[in-house]
Structures are given as C-alpha cells and as structure tokens.
1. Straight distance only, please: which lysines reach the Cα of residue A:45 with their own Cα at less than 16 Å, same-chain residues fewer than 8 apart left out?
2. Need the full-extension length gain, residue A:111 to residue A:268, defined as separation in residues times 0.36 nm minus the C-alpha distance. One decimal, nm.
3. Once the other residues with Cβ under 14 Å from the Cβ of residue B:209 are scored (Lys, Arg +1; Asp, Glu -1), what is the net sum?
4. What order do you get for B:191, A:260, A:210 when you list them from fewest to most C-beta neighbours inside 10 Å?
5. For chain B, set up a GNM with springs between Cα atoms under 10 Å and report which of B:269, B:177, B:79 has the largest fluctuation.
6. Specify whether the C-alpha gyration tensor of chain B places it in the rounded, prolate or oblate class, a ≥ b ≥ c being the square roots of the eigenvalues: rounded for a/c under 1.5, otherwise prolate if a/b is larger than b/c and oblate if not.
7. Go through A:24, A:187, A:105 and say which Cα lies farthest out towards the positive end of the charge dipole of chain A; charges sit on Cβ, +1 for Lys and Arg, -1 for Asp and Glu.
8. Please give the Cα centre distance for the stretch B:68-90 versus the stretch B:217-275, rounded to the nearest Å.
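Only the coordinates and a few stated rules stand behind these numbers; no lab work does. All values reported here derive from a predicted model rather than from experimental measurement. So basically every Cβ, Gly included, is an ideal-geometry build from the backbone, and we count neighbours across all protein chains shown.
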Amino acid sequence: MILETKNLSIGYSAKNKSKILQSSLNLKLKSGNLVSLVGPNGVGKSTLLKTLCKLIRPIEGEICIKGESLESAESNALAMVLTQGIYAHGFTVFDVVSLGRYPYTNWIGKMTAHDVQIIENAMASVHIGHLAHQSAMQLSDGEKQRMMIAKALAQETPLIILDEPTSHLDLVNKIEIIHLLHQLSRQHSKAILMVTHELDLAIQNSDEMWIMSQEGIQMGCPEDLILDGRLQRLFQSNQIVFNQDQLHFQRNHLLSKPIWMKSNSDGLAEKLSFQLLQKLGYYLEAGYKDCQLELLSNQTWQITKNNSVFQFENLAGVQDFLRNN
Amino acid sequence: MTIRILLLSILFVVLSLLSLLTGSVWISPSEIYEALTNPQLNVVNHFIFTQLRLSKTIAAIVVGMGLPISGLMMQTLYRNPLAGPFVLGISSGASLGVALFVFAGSSLLALSPWLLSLGLGFFAILGAFLVMLLVLTVSISIRNSASLLVVGIMVGSLSTALVSVMQYYSSPQLLQRFVVWTFGSLGGIHWNEIIVMTLVVSFSIVFSFGLMKSMNALMINEDYAKGLGIKVNYLKIKMIVLSSLMAGIITAYAGPIAFIGVAIPHLARNFIHTSDHRKTLPIVLLLGSNMMLICDLISQLPGGTTVLPINSVTALFGAPIVIWIVIKNRSFLNS
C-alpha cells in the first residue's frame, strides 16, 4: 500500500470557521495502479489532492505514505503535477525537469552523471528528449504538461499525483497523456492518482476510479462501477445518459419525430446517419411511411417525404433538408 | 560561461586599478608605490590614496555587488523583471530611516563616529525591511505585476513625502547634512562605514549563494518548490532580510543609487541566456561591480576637477535599460 488515509477530513479552515468538504475518507492506493478521481466541480477533488501534497493541512485524520505519516515523510515521498502555470523565463526544459533532482543534490545542486541519466530517461519516457535545450516557456501546452510529468518522474517517488493533467489540451494530446500515464504506472510500477474530467478516457485507461460526490468517495474498478450503476448516478441529469452499446456518456437527445431508416450500406455511414437523426430529434420507427431515409450507397441518401423523393450526396444535404422541412 | 567570467574578471581588475589612479588628480602607479612605502615623504599622496581613493574604489565595488544581488532576489521573489530596490520603494524606505535618524535631534551629532555610522545603517536597514514587508503583503493579494510596481512607487512617494515634512521642520544644519546625503556619493564615505558596509554586504552575498538552488524552484513555481521539500516561507524571509540588509546599508552610506539594482540582473540574464541563479549570481557580481566602477570613472569627468553625482550617472545607464526591459517583456507585463 503506497498511500492510505485514515478517517481524513478535508476542507479549508479560516480564522475561526472551517469549511469541511469531505470527511471520514479511508482511501487506499496500491503501486502500479492508475487511479482516476472524478466528480462534479466544487466537490473537493483539488482540495483532496492539495491535502495529499501537503499544500494544505488536513482538518482531521491521518495520511500515510508507505506506512509512514505524511508529516514526517521525506520530500521524495510523492511528486506532483499541478494545474498552475510555471514562470520559467530563461530556463530550459532540462533545467525544469532537473528540479526533480533537487531533493537528491547538494547545496549548490551539483548533479552527478547518475542524476543526468535519470533526467534524460525521464524526458525520453514522455517523448520530449529532443526539446531538452529549448526554452521552457516556448513549449506548447501539451509539451509543457509532458515536461512537468518528466519532472515528477525525475523525483523518483513511488507516488505521482496530477491535477487535471489534460485540461487545455487538444484531443490527441489528451489521449496521449492519459495513455502515457497508464504506461508509466506499468513500466515504473508507480502509483498514479489523477483528477480528471475526461470520463471516457478515465474509464478506458484507469485501473481504479474514485468517484467523489457530496456523499463521499466510491472506489472501484471502472467496469464494476458502471455495472452496478454507481458511475451513472454521479451524473444524474436529464441531459446525459450512459450509452450501454458504446460504453460512454453522451447527450440525452430529446426525440420527438419519427423516421424510418433503411440501409444498404456499411456500418460507419449507417451509424453516422443515425447520429445525425438523433441530433435533429428523430427516433426510428420501422414502417413509418410519411418520412423515410434510405442509404442507397456510401455517397447517396434518399429521403421520401409525403410521397416526394429527394436525393443527397452528403449528410449536410440531409441535415439541411430535415431542418427546413 | 568560463570565458565570460574570465573576461569580466580581467575587466574588473583593470577598472579597479583605473579607479584607484583617477580622481581630481591623477596619481601614477609609481607615485602610489612611493606614497605607500614612504608616507612621510609623500604626505599628500598618501592621504589622498588611503583616505579617498581606496575607500571610493571599495565603495564602488561593494555597491556594485550588493544592490544588483538585492535586485535579483526581489525579481525572483516577486517574479517580476522590473522589481528592484529603487522601483519597489525599498531605497525610499531606507531614506526614511536615515531621515528619522538624522532629524531625530542634534544631540546625535555628539555621538562617536562609530555609533553614528551604525545607527545610520541600522535605521536604513529597518526602513528597507519594513517597506519590503509591506510590498510583499500587498503582493500576496495583488498578482498583477504592474499594480505591484504602482504600489512600490506609491510607498516610495509616501516615504519621500514624510521626509519632506521632516525637512521642513528641521534645522538648516541638519537639512544640509541630509540633502548632501541624498545626492549619493561613493567618495567621502568614512572608513568605519566602508568596513560596516563591506562586512554586511559580504555576509549577505555569501549567504545568498546558499539559496541559489531554492530560488530557482521558488521562481518557477511556489507549490512545486514546496513539493521538492523547500521551506518556502523561510526561504522568502531569508530573501527579504538579505535584500533589505544590502539595499539598506548601501543606501545608508552611499545614498540612494538608482537603477543599478534593477538593470544589472537583467543584463546578466541576457549575457549568459539563462535565469539559473547558480549561473546568474556570479555574473551579476562581476557585471555590477564593473558597471559601478565605470560609472565612478565617468562621474570623475576625466580632466575636470568636479565630480558628478553618482546617481545621475547610474540613471543615464540604467533608465534606458529599464525601458528596454519593458519593451522586451511587454506581453508578460500586460498580463
């Protein structure tokens, strides 16, 4: 067990009043596991991370890292990657990653060949080795995030904690970063805990999910959490439903108009046509004659409405027609 | 890096020697040798060298090392390339301390020179420290860098206004003492003041070498620094105390000297293309002392017998550099 909390209460304490966000948390985190912490905004996810990182004090309870109290733990017990920006004008990527070696070096920060090797390995594991001598402030958001993950790796801690590592990133970078964290947890057998709002990516990649709500934290394997409905309950709203076929959350479309869809085409064109119909508020009703959509091929759609027949070469045409008629 | 340090060191030696030789009269190296070996035969030269030249050169070096290191620490602490002892009102705070001490009463004039020097230094450091604390407190709630500078300038104006009020009610004799002090001067600093200033600045510089690594982490991100096991609050206190010590003691004895503190760290970072304090700190020391020695040489007006106020000379160099920093960092300062 890398991380264990006993009866932990978290929140903010001002002068004489404290605001408790979560209480009686008994969390357990094993090495080699990628854990995603999900939940609505304002429920205390970032507060929990900050408490675990010793940036704010717990209101009550105990945090143990490798069986040792966090209060007395060395600075190389855990590494963190935060959402805040860095002010690194005049520092290279190598300089920033080498921060991770600070707890290991002497007063002037003299690095041994061993330290340099660790830094280079860390940069290579996140694929930024070629950027080592670039200015840290000139990196893209995705590269900056990789740099901070490399810094965390260079700290050589058994636990890495990340706060929304994929925010501000484009889709490709989001997928790559989460996949990277998944790999790192395997290759380096580290425990990795991240807060994320990327539910689908979290379900696909994490070994364990912690669902935080006003009522506390539910822990479990993501598949189990879906199976017994606990994940769905997190987002109880008319707007969102869990798609059981495609295993992801999606918008709950308000479907009011019937249409009969017939298809002679392969899977993708059919699925996309179906998605378009949902977006436009149609539900499928076989045998409905007044409004029919037929896929003649991958490039031809035919709509029969009130006995008139129209043909379209793309879905944009279908969309325009259905919206205006 | 090594070549740059070597070049700056050679320049440092040359400028120091030039500074020793020049003044209102030129004393050649052989004359200095004569004066030092046979003081009785060369009374005038011996007096000029030991009482004026040597102290002036040492003052230039100490001021040129202390103020920029103080500025460097402030720039790191506030994450602001425009921070410096003068810009943030720290020098004004020191002036206020000096004014309080000077105007406190004519009875002080009866103090022994040593006590007078120490008192002056103590009050200047106290003033610098209090202003620094005030600006830091404000900076916690104001993240905007431009607003922070405005606060610094306002605190400076406030100190200046208080000093003016004190001047109005003071005796002509004390007023004259104070006005002469505000011109800033490297010459005419008493030996006991030179000793105190050198000791305080050397101690602060040696101590700041121990903070180089932590300052890198603090500058990049405070929370990451905490995560690396750095006790950020202690580090900040150390930086405030050290920079106030240097800015305060220098202002006390050499007067308010503008722009050196803010401009030199910036020049150093550009000279070696890095903000890594382990590399900038030695470069700042060398660049700063060289710059002060050059300013000193210029202020002697070669060939002339008058001496320009050192404050004007540093402003001539420093003000354009500050404008350059603003232009270079416009995107950052707008944020």
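1. Straight-line reach from residue A:45, under 16 Å: A:19, A:28, A:54.
2. Values: separation 157, 0.36 × 157 = 56.52 nm, distance 5.51 nm.
Value of the extension gain: 51.0 nm.
3. Numbers: positive: A:110, B:213, B:238, B:278, B:279; negative: B:276.
Surrounding charge for residue B:209 is +4.
4. Fewest to most other Cβ atoms nearby, the residues stand as B:191, A:260, A:210.
5. In this elastic network of chain B, the residue with the biggest mean-square fluctuation among B:269, B:177, B:79 is B:177.
6. On the way: a/c = 1.86, a/b = 1.29, b/c = 1.44.
Oblate is the answer for chain B, as a/c is 1.5 or above yet b/c matches or exceeds a/b.
7. Toward the positive end, the furthest listed residue is A:24.
8. Their Cα centres are 6 Å away from one another.
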